[in-house]
Amino acid sequence: MQKLIVCLVIFLFTTSCTNEKSTPFEVSSDIKKLIAGDSLKTWKLAKRYNGKTRMNMGDCFLQYRQSFYSNGTVTDNNAQNPSCGPSLSGTWSVITDSLGYTHIRITSVKLKELLHIDEDYKDFRIFYASKDSLHLSYTHKQFGEKRRISDYLVSEELRILDRKFHH
């Protein structure tokens, strides 16, 4: 009986310490249409997480809109809102990495300035996509350490409660 308990404890210990890899989200064949609609789709932030911490949604986040066009271009409205910084314009595509994860790749010379990166592209992993919602995640260097940012976007016309989240 004692050996059984010891074996059970060892089993539980070893299985609880393993790093489970997430399964890539299976994108539908019409993923580009889900992202950009027939010609254009504009998304707004429903909520954002920095690691596991939900971020406050100040005015710039609440007003932020990102528009994906079916011709492969992307823009945002940051510059239209006071004190929210410059806007992004560039191109977008859907790519799959070597691990099978699907990303929206945004390419723009502005990314170097906006995200303080060396490349002119950024990959946003797709965790979920439907006609009304999009869950994207990316890494961002913040205060000297890499953080995972998770954005939950919804179609611009949807009304979302609890967007103006504050601690």
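The values are calculated or read from the model by the stated rules, or taken from the named source; none is laboratory data. On a predicted model such as this, the values are computed, not experimentally measured, just so you know. Methodologically, a virtual Cβ is constructed for each residue, glycine included, from the backbone with ideal geometry; neighbour enumeration extends over all protein chains shown. The area values use the complete protein model at the heavy-atom level, side chains included, leaving out ligands, DNA and RNA. Shrake-Rupley method; radii C 1.70, N 1.55, O 1.52, S 1.80 Å.
In the stretch 148-157 there is at least one residue matching the filter, namely being farther than 24 Å from Ala36 by Cα and modelled with pLDDT under 95.
Listed by first and then second residue, the pairs with beta-carbon distance under 8 Å, at least 6 apart or on different chains, first residue in the stretch 102-125 and more than 12 Å from Pro86 (Cβ to Cβ), second among the hydroxyl-bearing types (Ser, Thr, Tyr) and in a loop (DSSP other than H, G, I, E, B), are Asp120/Ser108; Tyr121/Ser108; Arg125/Tyr101. Among residues of the stretch 98-139 being in contact with a Gly (Cβ under 9 Å, 6 or more places away or on another chain), surrounded by fewer than 18 Cβ atoms within 10 Å (Cβ to Cβ) and hydrophobic (A, V, I, L, M, F, W, C), the one that is modelled with the highest pLDDT is Val109. Please verify whether His140 is in contact with a strand residue (DSSP E or B) (Cβ under 9 Å, 6 or more places away or on another chain), part of a strand (DSSP E or B) and closer than 26 Å to Ser39 by Cβ, treating the condition exactly as stated. Considered against the rule, which asks whether it is in contact with a strand residue (DSSP E or B) (Cβ under 9 Å, 6 or more places away or on another chain), part of a strand (DSSP E or B) and closer than 26 Å to Ser39 by Cβ, His140 comes out as no.
Selection of the stretch 62-85 for residues being assigned to a strand (DSSP E or B) and of a type outside the set (S, T, N, Q) yields Arg65, Phe68, Tyr69, Val74, Asp76.
Restricted to the stretch 79-95, and to residues there that are more than 24 Å from Leu62 (Cβ to Cβ) and touching a residue at least 24 places away in the same chain (Cβ under 8 Å), the residue that is surrounded by the fewest Cβ atoms within 10 Å (Cβ to Cβ) is Ile95.
Quick grid of which residues meet (1) outside any helix (DSSP H, G or I); (2) open to solvent by less than 60 Å² (accessible area, probe 1.4 Å); (3) modelled with pLDDT of 90 or more; (4) more than 21 Å from Asp97 (Cβ to Cβ):
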residue	(1), (2), (3), (4)
Leu4	no, no, no, yes
Val9	no, no, no, yes
Thr14	no, no, no, yes
Phe25	yes, yes, no, no
Ser28	yes, yes, no, no
Leu34	no, yes, yes, no
Thr42	yes, yes, yes, yes
Ala46	yes, yes, yes, yes
Cys60	no, yes, no, yes
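Within the stretch 91-115, restricting attention to residues that are in a helix (DSSP H, G or I) and of a type outside the set (A, V, I, L, M, F, W, C), the residue that is farthest from Asn78 (Cα to Cα) is Lys112.
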